[in-house]
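*Asks:* Dropping a structure here in structure tokens format, bear with me for questions.
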Amino acid sequence: MSGLLAGKRLLVTGVITDASIAFSVAKLAQENGAQVVLTGYGRLSLVERIAKRLPEPAPVIEVDVTNTEHLAGLADRVREHVDGLDGVVHSIGFAPQSCLGGGFLDAPWEDVATALHVSTFSYKSLAMAALPLMSPGGAVVGLTFDATKAWPVYDWMGVAKAGLESASRYLALHLGKQGIRSNLVAAGPLRTIAAKSIPGFDQFEEAWTERAPLGWSLTDQEPAARACLALLSDWFPATTGEIVHVDGGYHAIGA
Ligand SMILES: NC(=O)c1ccc[n+]([C@@H]2O[C@H](COP(=O)([O-])OP(=O)(O)OC[C@H]3O[C@@H](n4cnc5c(N)ncnc54)[C@H](O)[C@@H]3O)[C@@H](O)[C@H]2O)c1
């Protein structure tokens with residue numbers, strides 16, 4: 001098999017529809033020579049149906065990233081399909097409604113804790129669950145939404161993403177000795193289920209459509225997926241703790 005990821009074995013989390021960023025990553029990865037195992041959360045039969053739309057139907061393992069038993073059993077479940085992992089994609093985010101849409105000052109800790117558990121801490125937990133299968137040259141890649149700024153309506157999810165960005169740097173620090181890299185892709189707004197759950201998300205859509213220097217498609221997940229593939233590949237061998245913006249250049253302008 002030829003391609004950017006020829007011979008690589010990947011674990012891809014976060015597919016729930018074919019609009020999921022993870023679906024584009026899995027599809028492009030297969031098209032570029034990778035073998036893909038998916039994880040699904042919640043509506044597993046739906047994820048299995050979506051998995052059949054990939055160029056190669058991919059096996060699906062149930063993983064709730066807040067479930068310690070799921071995480072403890074992950075490596076064995078993955079081993080049923082592949083004998084090791086070269087890459088892990090974390091494409092997971094969730095915050096209760098109280099944490100979004102302007103609720104920053106009122107969201108209760110229990111809800112904030114859920115957002116941080118699913119969206120931030122899970123980056124480390126997933127990487128550690130997969131670590132027994134990984135070897136030097138391996139890569140962990142996650143998805144963020146530029147957390148250097150306080151955005152309207154993003155609220156505690158923005159804090160969770162700031163934590164994720166820091167967690168990725170710490171993972172880079174702690175896994176570097178084992179030759180494993182950790183990097184994030186900071187994507188612009190894309191119309192997925194997670195995005196639609198954010199009240200006022202249309203403000204991002206308008207801002208990007210009007211101002212991104214390169215222009216921006218709200219329905220094209222491929223640019224973000226391509227960056228994930230590049231970071232999983234052997235073409236960033238000395239890059240870790242990095243955040244690559246795939247946002248049409250929006251982060252670079254002052255508007
Ligand atoms: N859509 C955007 O505009 C955008 C922009 C930048 C970054 N991101 C990030 O991209 C990632 C993927 O989101 P998406 O936009 O493709 O949306 P999506 O709704 O397609 O994917 C989110 C995934 O998170 C999974 N998930 C939620 N709780 C989970 C849990 N407890 N255990 C395991 N999985 C769980 C869901 O099942 C779903 O598959 C997220 O981290 C999101 O924050 C999205």
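The values are calculated or read from the model by the stated rules, or taken from the named source; none is laboratory data. Only a predicted model underlies this, so the values are computations on that prediction, with no experimental measurement involved. With ideal geometry, Cβ positions are generated from the backbone for all residues, glycine too; neighbour counts draw on all protein chains shown. Side chains are part of the model used for accessible areas, which takes the heavy atoms of the whole protein and leaves out ligands, DNA and RNA. Shrake-Rupley method; radii C 1.70, N 1.55, O 1.52, S 1.80 Å.
*Asks:* Along the charge dipole of region 41-138, Cβ charges K/R +1 and D/E -1, which of L46, G73, G101 sits furthest on the positive end?
*Replies:* So the residue furthest toward the plus end is L46.
*Asks:* For q values of 0.11, 0.18 Å⁻¹, compute log₁₀ I(q)/I(0) with the Debye formula on a Cα-only model of region 84-232, without solvent.
*Replies:* Values, matching the q order: -0.44, -1.07.
*Asks:* Of the DSSP beta bridges with both residues in the chain, give the percent that are antiparallel, rounding to the nearest 5. Numbers along the way, then the final one.
*Replies:* Numbers: 0 of 26 bridges.
DSSP beta bridges in the chain are roughly 0 percent antiparallel.
*Asks:* Given the -39500 (n - 2.57) contribution per DSSP H run of 4+ residues, what per-residue ellipticity at 222 nm results for the chain, rounded to the nearest 500 deg cm²/dmol?
*Replies:* Details: 9 runs with 94 residues, N = 255.
My calculation for the chain gives -11000 deg cm²/dmol from helical runs alone.
*Asks:* Let me ask you something else. Hey, got a sec? Which GluC sites (Glu not before Pro) in region 52-146 land in a DSSP loop and have at most 14 other Cβ atoms within 10 Å?
*Replies:* Details: sites: E62, E69, E80, E110; in loops: E80.
Answer by residue number: E80.
*Asks:* OK, next. Once you sort the root eigenvalues of the Cα gyration tensor of region 40-111 as a ≥ b ≥ c, which label holds: rounded (a/c under 1.5), prolate (a/b larger than b/c) or oblate (the other case)?
*Replies:* On the way: a/c = 2.79, a/b = 1.89, b/c = 1.47.
Note, shape of region 40-111 comes out prolate.
*Asks:* Considering only T192, I180, F204, whose Cα is most displaced toward the positive end of the charge dipole of region 174-216, charges sitting on Cβ of Lys, Arg (+1) and Asp, Glu (-1)?
*Replies:* Of the listed residues, the answer is I180.
*Asks:* Among A115, L131, G142, pick out the residue whose Cα is farthest towards the positive end of the charge dipole of the chain, where Lys and Arg carry +1 and Asp and Glu carry -1 on C-beta, about the Cα centre.
*Replies:* Farthest towards the positive pole: L131.
*Asks:* Using +1 on the beta carbon of Lys and Arg, -1 on that of Asp and Glu, and nothing else charged, what's the dipole of region 24-157 about the Cα centre, debye to 20? Spell out each step's value before the answer.
*Replies:* Values: 9 positive and 15 negative charges, 63 e Å.
The dipole magnitude comes to about 300 debye.
*Asks:* Here's another thing I want to ask about it. Just the number, please: carbon plus sulfur as a percent of the accessible area of region 96-136, 1.4 Å probe, no ligands or DNA/RNA counted. Please list the in-between numbers first.
*Replies:* On the way: 1260 of 1940 Å².
In region 96-136, the share of accessible area belonging to carbon and sulfur is 65 percent.
*Asks:* Still on this structure, please answer the following. Packing-wise, with mean Cβ within 10 Å as the measure, how do 169-179, 218-228, 132-142 rank, highest first?
*Replies:* On the way: 169-179: 14.9, 218-228: 19.0, 132-142: 20.7.
Listed from highest to lowest mean packing, they are 132-142, 218-228, 169-179.
*Asks:* Ok, one more. Of K52/K177; K52/K149; K8/K149; K27/K124, which pairs sit farther than 30 Å apart, going by alpha carbon to alpha carbon?
*Replies:* Working: K52/K177 38 Å; K52/K149 38 Å; K8/K149 35 Å; K27/K124 25 Å.
Those over the limit are K52/K177; K52/K149; K8/K149.
*Asks:* Now, a different point. Work out the length of the dipole vector of the chain about its Cα centre, built from +1 on the beta-carbon of each Lys and Arg and -1 on the beta-carbon of each Asp and Glu, and round it to the nearest 20 debye.
*Replies:* Values: 19 positive and 26 negative charges, 97 e Å.
So the magnitude is around 460 debye.
*Asks:* Could you provide, to the nearest whole Å², the per residue accessible area of the chain with probe 1.4 Å?
*Replies:* Details: 11480 Å² over 255 residues.
I get 45 Å² per residue for this part.
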